[in-house]
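Structure, as structure tokens:
Rule-based calculations on the coordinates, nothing more; no lab input. Since we're looking at a predicted model, the values are computed, not measured. Don't worry about glycine lacking a Cβ; one is built from the backbone with ideal geometry, like all the others, and counts go over all protein chains shown.
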Amino acid sequence: MVTIYGIPNCDTCRKARKWLDKNSVEYRFHDLRADGLDEKMLERWIARVEWQKLLNTRSTSWRSIPESARQDLDQSKALQLMREHPTLVKRPVLELANQVAVGFNEKRYREILP
């Protein structure tokens, strides 16, 4: 089963969900704010995509984090920040079996979805 992780009011998440509905792809939506984000999820995603791709440094959440916390960023520190602030995760994250897609890209969705 496909799981899409995001937040309901995110425009990109809405586009992805609309595309999934239009293409009759069954999925489960996981709200990162309401349902949470745990270390196991992040570890699964990081095993398949680089942590830099997963961390949204263009978000309002990123800009609200003190500069000192953003200095000397490495994978461990980035994962800690994402656990503390789930909205730092670039959305949506689509997970299917052993594949992960970050952000919405129609071509990528067509490649990995049945």
Of all residues in region 56-85, count the ones that are in a loop (DSSP other than H, G, I, E, B), among the polar types (S, T, N, Q) and in contact with a Ser or Thr (Cβ under 7 Å, 6 or more places away or on another chain). 1
Region 62-101 - residue that is polar (S, T, N, Q) and farther than 19 Å from E39 by Cβ and, of those, surrounded by the most Cβ atoms within 10 Å (Cβ to Cβ): Q99
Of everything in region 37-55 that's assigned to a helix (DSSP H, G or I) and touching a residue at least 40 places away in the same chain (Cβ under 8 Å), which residue is nearest to the chain's Cα centre (by Cα)? L54
For region 44-60, does any single residue satisfy the condition of being under 22 Å from P8 (Cα atoms), surrounded by fewer than 11 Cβ atoms within 10 Å (Cβ to Cβ) and not acidic (D, E)? yes
Pairs returned, first residue in region 95-114 that is of a type outside the set (V, I, T), second residue that is surrounded by 10 or more Cβ atoms within 10 Å (Cβ to Cβ) and in a loop (DSSP other than H, G, I, E, B), beta-carbon separation under 6 angstrom, 6 or more apart or interchain, are G103/K90; L113/V25
Only unsatisfied item for F29, checking (1) part of a helix (DSSP H, G or I); (2) within 16 Å of the chain's Cα centre (by Cα), is (1)
